[in-house]
Structures are given as structure tokens and as C-alpha cells.
Amino acid sequence: MSKLLDGADAQRILKPATTAKIALRMLSSLRVIADYLPEGLAGTPAVDILLAVYVAEDRALYPSITDLEPASSRSEGVTRRWVAALIDMKMLEQRSGVLALTENGHRIITRAITELYRRQRELD
């Protein structure tokens, strides 16, 4: 589940955010960038996939590979290879055709999003 992030230490009043909301914003930003940059220059499919699964899980959904639409991967074959790599890295697991983050994958993504939020607040 997503984690509530506190902006109390910021210099201005901030609405609290959740890690899932930030992940959704990141995913949306990556898709916009991928729409404007030449193919192959935007991000990595691995990040897109992990964020998409993170957001889906927060909504109690578990996507299949065909449900994923990584902005940085225009090919289902590339997406499948990245999913296989993430499974090998023990960040994703696949059961009955659906994907889920492993505990390790969830922990890594949550920590990354939390740190991103902290650094963004430093820039405010």
C-alpha cells in the first residue's frame, strides 16, 4: 500500500501526498516525455513497469504483461524482456499471468519515491 508522506518540514504549506500519487505523477511525466522525444531517448521500460505495477497495486489491481504500456517501450517484446529481467532480479513476480511487486521491489520503489519527494521539497 502507499505511504503517506509528510511535508511538515517544508517552508510552505503542502498537501500531503502519497507514494502512489507521486508514482502516478512520475509515470504520467515519463509518458509525456516519451511522446515528445525521439524513440529510445526517454527513460527505461524497467522504471515504467515498476511504477505502473506500484500504482496498480495501490488500486488493488494486478496487471498482466499486456496491460502494461511502458512509455519508453514501443514493443511488447521489449516489455516482456524487461518483465523477465525484473522477475530475475526479484523485483517482480508473476502468478497466473498477473504481475505483482515482490516485497523487495515494493520496498525499493517506495524508498525511491520517498527520497524523490524529500528532494523535491528541498527545492521548494
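Can you compute the modelled spin-label distance between residue 29 and residue 89, with each label point 7 Å from Cα toward Cβ, in nm?
1.9 nm
Grab the Cα-Cα distance for residue 39 and residue 114, subtract it from 0.36 nm times how many residues apart they are, and report the gain in nm with one decimal.
Length gained, residue 39 through residue 114: 24.1 nm.
What are the ³J(HN,Hα) values, in whole Hz, obtained from phi via the Karplus relation 6.51 cos²θ - 1.76 cosθ + 1.60 with θ = phi - 60°, for each residue of the stretch 115-124 in sequence order, with x given for Gly and Pro?
3J(HN,Hα) across the stretch 115-124, in whole Hz: 5, 4, 4, 4, 5, 5, 5, 4, 7, 6.
What's the magnitude of the charge dipole for the stretch 48-124 around its Cα centre, counting Lys and Arg as +1 and Asp and Glu as -1 at the beta-carbon? Answer in Debye, nearest 20.
Dipole of the stretch 48-124, to the nearest 20 debye: 140 debye.
Which whole-Hz ³J(HN,Hα) couplings does the stretch 91-98 yield from phi under the Karplus relation 6.51 cos²θ - 1.76 cosθ + 1.60, θ = phi - 60°, glycine and proline marked x?
9, 10, 10, 10, 9, 6, x, 10
FYI, it's all coordinate maths here, none of it is from the lab. Just so it is clear, the model here is predicted, and its values are computed rather than measured. In this analysis, Cβ positions are derived from the backbone assuming ideal geometry, glycine residues included, and neighbour counts consider all displayed protein chains.
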